[in-house]
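Novice: Here it is, the structure, as structure tokens.
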Amino acid sequence: FNSPIIHQKKVYVGHNKGFFQSYDLLSGRKLWSKFDGGHYYSSPIIVDDSVVYGTSEGRVYSRNIHDGKLNYEIVVGDPVESSPVHHNGRLFFHLRNHQVFCLDVKTGKTLWSYKKSIANSTTLQTSSTTVVHGNYLLVGFADGTLSSLRIETGELRWEQTIGAGSKFNDVDTSPIVVGENLFVYADGQQLIN
């Protein structure tokens, strides 16, 4: 379910048998393969000399891009289904259980987390990728809300209801900021701020 990423003529991708792998872009030759034992639902990202990604088993990995050596592995507890976002030495992950984690990119140490309580019967059980805008993190949740969290602390700045129905209002797409306007989509409705 994940998409590969290409960096410096190398391809990085998760295999459906639980292996994360690197290939030479031009020849297709496998450069390295590491067994994680999970499935990959989101695209990895490259940060300096590391490839960072999450698994369906609720784990976040950071590996050296050259040889696949493990920098760290962190248990976050629920499937990582959206791509990580890197900003100023921090990694942001939105998990399937409606929780956002902020990790230190070098060590994997948890800096903060923010969790919403959402009834499972009212959601499609997917998650959006977070978006950094200034000093805030924008994230859509499965209860039809868009939230703005402070990057430094995870403190809720504001929250806006986007979806209007009683079920399946999930804000699963990433918000888009254009100038002073904010575009987000949920359950057939569009908000422009």
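The values are calculated or read from the model by the stated rules, or taken from the named source; none is laboratory data. Bear in mind the structure is a predicted one, so any value in this text is a computation, not a measurement. Heads up, the Cβs are rebuilt from the backbone with ideal geometry, glycines too, and the neighbour counts pull from every protein chain shown. Ligands, DNA and RNA are excluded from the accessible area calculation, which covers all protein heavy atoms including side chains. Shrake-Rupley method; radii C 1.70, N 1.55, O 1.52, S 1.80 Å.
Novice: Return the distance in nm (one decimal) between the two label points of a simple spin-label model at Leu31 and Lys106, each offset 7 Å from Cα along Cα→Cβ.
Specialist: Calculated label separation equals 2.4 nm.
Novice: With every protein chain present, what is the per residue accessible area of region 1-129 (1.4 Å probe, Å²)? Intermediate results must be reported in sequence, preceding the final value.
Specialist: Values: 6150 Å² over 129 residues.
Here the residues of region 1-129 average 48 Å² of exposed surface.
Novice: A follow-up question, please. Using the Kirkwood formula over every pair of different C-alpha atoms, what hydrodynamic radius in Å results for region 37-138?
Specialist: 13.8 Å
Novice: Further, regarding this structure: Strictly over 18 Å apart at the Cα level, which of Lys34/Lys69; Lys30/Lys106; Lys9/Lys30 would you flag in this model? Don't skip to the answer; put the middle values down first.
Specialist: Values: Lys34/Lys69 8 Å; Lys30/Lys106 26 Å; Lys9/Lys30 13 Å.
From Lys34/Lys69; Lys30/Lys106; Lys9/Lys30, over 18 Å: Lys30/Lys106.
Novice: Applying 1/(1 + (r/R0)^6) with R0 = 41 Å to the Cβ-Cβ distance of Asp24 and Arg150, what FRET efficiency is obtained, to the nearest 0.05?
Specialist: 0.45
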